[in-house]
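The values are calculated or read from the model by the stated rules, or taken from the named source; none is laboratory data. Only a predicted model underlies this, so the values are computations on that prediction, with no experimental measurement involved. Ideal geometry is used to build each Cβ from the backbone, glycine not excepted, and the neighbour counts take in all protein chains shown.
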Amino acid sequence: MAGNIVLNHEGIQEYLDGKHGVERVLEGEAEERLQRARTNAPVDTGAYRDSLHIETVHTDRMVKRIVADVDYALEVEANTGNLARSL
């Protein structure tokens, strides 16, 4: 007989934020990809390259994202695939 599964949200968050090293591992992986994206970024003024950074999202999982803050970042990605290639 199948039962309901109830997630322990606080426990999961504690595991992600605690001394288990999850965030440290993800941060190291994200840093490698960020450096790759910066190295391969197209440069006219350097604004796109300089805007690349890591963002952390916390839900029941931890996500590290590499994002660019310039208004034309989507156009750069569509034309070059820089962020996709950095993965």
**Message:** Just the residues that are in contact with a strand residue (DSSP E or B) (Cβ under 7 Å, 6 or more places away or on another chain) and either of a type in the set (A, V, I, L, M, F, W, C) or free of Cβ contacts under 8 Å to residues at least 12 places away in the same chain (or both), please, taken from region 39-53.
**Reply:** L52
**Complete:** The one condition L16 fails out of (1) touching a helix residue (DSSP H, G or I) at 6+ places or on another chain (Cβ under 9 Å); (2) in a helix (DSSP H, G or I); (3) at pLDDT 80 or above is (3)
**Fill in**
For region 44-87 the number of residues that are of a type outside the set (S, T, Y) and part of a loop (DSSP other than H, G, I, E, B) is 11
**Request:** Would you please name the residue that is modelled with the highest pLDDT, looking only at residues in region 30-67 that are over 9 Å from the mean Cα position of the chain (by Cα) and within 18 Å of Q13 (Cβ to Cβ)?
**Result:** M62
**Fill in**
Within region 60-81, residues within 18 Å of R36 (Cα to Cα) and among the charged types (D, E, K, R) come out as K64, R65, D69, E77
